[in-house]
Amino acid sequence: MPVYFLLTEAHGPDRIKIGRAKSVEARRRALQTGNPDLLKLVGYIKSKDDVRLEADLHREFHDKRGDLGEWFHLEPADILPVLQRFHGAAFVGKTSNAFAITGHDKDGIPEFVGVWEWGDLSHEDCCPFCGCLGGLHFQEASWMYHCLACDALTNFEEDESEPPEA
Ligand SMILES: [Zn+2]
């Protein structure tokens with residue numbers, strides 16, 4: 001079951017809830033109900049040993065613990081290194097426009113709006129399709145970039161929106 005990190009930015013310093021849920025999105029929606037402050041998904045870690053992982057993380061951030069249950073005085077920047085520790089099992093909460101391309105680097109690789117709202121992650125750090133911190137790997141055989149988590153395969157060519165010339 002995933003261990004998730006949910007952020008609320010309202011009322012002063014950021015607070016992040018570290019908890020477990022079978023469906024992270026369903027849990028986010030349930031917690032959002034009746035809550036005037038927007039809850040945002042920072043990320044989650046898929047774990048078979050989620051009870052222990054959650055307990056370990058609660059212990060790790062013990063001194064940041066607020067007075068409200070599983071809410072900690074943490075920011076997304078504190079959570080990123082935790083997610084990166086779990087590499088291919090960790091996912092960031094994607095921005096809704098993660099696919100939008102802002103430009104291209106010197107190798108012709110597009111630069112995205114940003115997969116993650118709170119920091120810059122390159123396609124090698126993070127898959128723009130599923131948010132996996134395993135990132136995209138260049139696959140010699142297909143000459144494309146591949147994500148081991150969602151199996152996305154891309155050569156970063158932009159969609160041809162115009163019809164082909166006759
Ligand atoms: Zn992926």
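Every read-out reported here was derived from the displayed coordinates using simple, explicitly stated rules and does not represent laboratory data. None of these values were measured; they are calculated from a predicted model. So basically every Cβ, Gly included, is an ideal-geometry build from the backbone, and we count neighbours across all protein chains shown.
Would you mind getting me the FRET efficiency between His104 and Cys150? Use the beta-carbon distance for r and R0 = 30 Å, nearest 0.05. Don't skip to the end; give the middle numbers.
Numbers: r = 23 Å, r/R0 = 0.77.
After rounding, the FRET efficiency stands at 0.85.
In sequence order, what are the phi-derived ³J(HN,Hα) couplings for segment 136-152 according to the Karplus relation 6.51 cos²θ - 1.76 cosθ + 1.60 with θ = phi - 60°, rounded to whole Hz, with x for glycine and proline?
Listing the rounded values in order: 9, 10, 6, 10, 4, 4, 9, 6, 9, 9, 10, 9, 6, 7, 10, 6, 5 Hz.
Hey, can you grab everything whose amide H is under 5 Å from the amide H of Glu111? Only 5+ residues off in sequence or another chain; H modelled, so Pro and N-termini drop out.
Counting only residues 5 or more places away or on other chains, the set is Thr102, Gly103, His104, Asp105.
Would you mind getting me the FRET efficiency between Glu140 and Asp49? Use the beta-carbon distance for r and R0 = 35 Å, nearest 0.05.
0.50
Determine which residues of segment 67-98 fall in the zone a paramagnetic label at Asp56 would reach in this model, i.e. backbone nitrogen under 11 Å from the point 7 Å along Cα→Cβ.
Residues passing the 11 Å test: 85-86.
Mind listing P(r) for the chain? All alpha-carbon pairs, 10 Å bins, whole percents.
With a bin width of 10 Å, the distribution comes to 10, 35, 31, 16, 6, 1, 0.
HN-Hα J couplings of segment 42-47 from phi, Karplus 6.51/-1.76/1.60, θ = phi - 60°, integer Hz, Gly and Pro as x?
With the stated coefficients, segment 42-47 comes to 7, x, 8, 10, 7, 9 Hz.
Would you mind putting 33-44, 2-13 in packing order, based on average other-beta-carbon counts within 10 Å, highest first?
Highest to lowest by the protection proxy: 2-13, 33-44.
What is the total of Lys pairs in segment 3-92 with C-alpha atoms under 19 Å apart, excluding same-chain pairs fewer than 8 positions apart?
6
Can you tell me the FRET efficiency between Ser122 and Thr33 if r is taken as the Cβ-Cβ distance and R0 is 45 Å, rounded to the nearest 0.05?
On the way: r = 36 Å, r/R0 = 0.79.
Rounded to the nearest 0.05, the efficiency is 0.80.
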